[in-house]
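Trainee: Here it is, the structure, as structure tokens.
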Amino acid sequence: MATTVSDRPGYGQLLRTPGAWTFLLPGFAARQPFAMLTIGIVLLVQHTTGSYGSAGAVAAVSGVSMALFAPQSGKLADRFGQRAVLLPGVLLHAVSVSALTVLALADAPLWALFAAAVPTGASIPQVGPMVRARWAAMLGATPDRPASPLMSTAAAFESVTDEFTFVLGPVIATALCTGVHPAAGLVTEAALTLVGGLLFAAQRATQPAPRPAATAAEPHASALSVPGVRVLIVAFLGIGAVFGGMQVSLTAFSEEIGHPGVNGVLYGIFAAGNMLAGIACGAIAWKSGPRRRLIVGYAALTLTASGLWAVHSVPLLAGLGLLVGLCIAPALISGYTLVDSLVPATARTEAFTWLTGAVALGQAAAVTAAGQLADAHGASTGFLVPLAGTALALVTLLALRSRLAPPSAGRTVARGIGHREPVTVD
């Protein structure tokens, strides 16, 4: 159920929020490389080894490493401030990507590539969660004020921004790797991360205040102690399976038909669907709550992903990929919107990084599985991975949907953390 955009503030008012542009522009530059890393690794390692399985495995190691370290980065950002985490992080990432690139071009053994992929993934700057935390600090509920109606618009805007990077990133990385040099994608990724990350870290005025010590009124607890966050992690693992499965399978499909350049176009269409859906979600004043929208959107995502493996032509695959992309944004936006009502401010950046890490972990598993299937049985079998990931996550969502309901006023959750006020979720 939805009403028109006139019923609530929209993107125009959101972007007029004082101070917003100071972190949005450098934040966009800093998060762009995130969409380039996996495909850059896959294309470079596949070029040097000739194996999608090996390429997917190296990309998976970086994804698993990110998933494990991202929440720790979020905890540190909540405690010490975003700048303190970003500055060493972007420097380490640039060095790590450079080392991985040199090793791949030198035909180093696979174990050496795995070793270099660990710090590469661990040091990925969590700019997206940090931007979301800045919006939450500016617009979210506090003891002195209710949450702004712009909060859900901000969640939609961030999804659109993420997906715009996933439209541009893979296309840019593919064009650089196929048209300039197989390593050009990763070199550009490292440079953008370094420059964009340093510019974003310089925006001190809008970063959430560090919370170095717990208070009696609001003791610190891990976001993972909130049951709803654990359910959302499973859902975001499934979304990661779609991203990873699509990246590898579309690459393998394009190689299989003898037109490798079409890979970036197909993935761009898929990501464009996600971006368009995100724009629509932010322009609509929904009457149904985010929990219901998450479940409905996830069911649609599972249904559309179920047909990918059976499609063997470029136009049909582009069309179905667009539909899959259209179904991702509602699930992502609803999940991120639920975080504000489930998680206290002391653990919000950590919660966002758990979800981002879950996407990376799901993507890593999917890249590995899809790469092995594509090597052994052809590109079409790789598309079974998005179906399996979303189906398992949907079952979990349906079984545990009650845990996504925010607590009522005064109820104590997450090791003593009380939440603010009742929030409509259905």
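Trainee: Report, in degrees rounded to the nearest 10, the 0 to 90 angle that the Cα long axis of helix 227-256 makes with the longest principal axis of the chain.
Mentor: Once rounded, the angle reads 20 degrees.
Trainee: So, one more: On a 0 to 90 degree scale, rounded to 10, what angle separates helix 20-31 from the longest Cα axis of the chain?
Mentor: 30 degrees
Trainee: In addition: Given a Förster radius of 30 Å and the C-beta distance between Glu255 and Phe80 as r, what FRET efficiency does 1/(1 + (r/R0)^6) yield to the nearest 0.05?
Mentor: 0.10
Trainee: Quick one: ranking Trp135, Trp21 by accessible area, 1.4 Å probe, largest first, what do you get?
Mentor: Trp21, Trp135
Trainee: Among Ser148, Ser123, Ser159, which one moves the most in a GNM of the chain with springs linking Cα atoms closer than 10 Å?
Mentor: Fluctuation is largest for Ser148.
Trainee: For the chain, what is the calculated [θ] at 222 nm in deg cm²/dmol (nearest 500), taking -39500 (n - 2.57) for each run of four or more DSSP H residues and dividing by its residue count?
Mentor: Result for the chain, helices only: -24500 deg cm²/dmol.
Trainee: Give the dimensionless ratio obtained when the Cα radius of gyration of the stretch 220-316 is divided by 2.2 N^0.38 Å.
Mentor: For the stretch 220-316, the normalised Cα radius of gyration is 1.34.
Trainee: For the chain, which whole percent of the accessible surface, found with a 1.4 angstrom probe, sits on carbon and sulfur atoms?
Mentor: 69 percent
Trainee: Mind grabbing the accessible area of Arg230 for me, 1.4 Å probe, Å², rounded to tens?
Mentor: About 100 Å², rounded to the nearest 10.
Trainee: Considering only protein heavy atoms, what is the solvent-accessible area of Cys281 at a probe of 1.4 Å, reported in Å² to the nearest 10?
Mentor: Only protein atoms counted, so the area is about 20 Å².
Trainee: Could you identify which residue out of Ile233, Ile172, Ile41 has the top mean-square fluctuation in a GNM of the chain using Cα springs shorter than 10 Å?
Mentor: Largest GNM mean-square fluctuation: Ile172.
Trainee: Leu316 to Leu398: FRET efficiency via 1/(1 + (r/R0)^6), r the Cβ-Cβ distance, R0 30 Å, to the nearest 0.05?
Mentor: Working from the Cβ atoms, E equals 0.50.
Trainee: For the chain, what does the equivalent ellipsoid look like in terms of its semi-axes, each the square root of 5 times an eigenvalue of the Cα gyration tensor, given largest first in whole Å?
Mentor: Each semi-axis is √(5λ); the values are 33, 24, 19 Å.
Trainee: Probe radius 1.4 Å, ligands and nucleic acids left out: which of Val248, Val234 has the largest accessible area, and how do the rest follow?
Mentor: Largest to smallest exposure gives the sequence Val234, Val248.
Trainee: One quarter of the convex hull surface, Cα atoms only: what value does that give for the stretch 355-398 in nm²?
Mentor: 3.1 nm²
Trainee: Right, next: Just to be sure I understand: with springs between alpha-carbon atoms less than 10 Å apart, which residue in Ala104, Ala277, Ala20 has the highest mean-square fluctuation in the Gaussian network model of the chain?
Mentor: Maximum fluctuation in the GNM of the chain, among the listed residues, is at Ala20.
Trainee: What spacing in nm lies between the two simple spin-label points modelled at Ala106 and Leu303, each 7 Å away from Cα in the Cβ direction?
Mentor: 5.3 nm
Trainee: Arrange the residues Arg83, Arg401 by how much accessible surface each exposes, largest first, with a 1.4 angstrom probe.
Mentor: Arg401, Arg83
The values are calculated or read from the model by the stated rules, or taken from the named source; none is laboratory data. Keep in mind it's a predicted model, so treat the numbers as computed, not measured. Reconstructed Cβ throughout: ideal geometry from the backbone, glycine too, with neighbour counts over all protein chains shown. We work out accessible area using only protein heavy atoms, side chains counted, and drop any ligands, DNA or RNA first. Shrake-Rupley method; radii C 1.70, N 1.55, O 1.52, S 1.80 Å.
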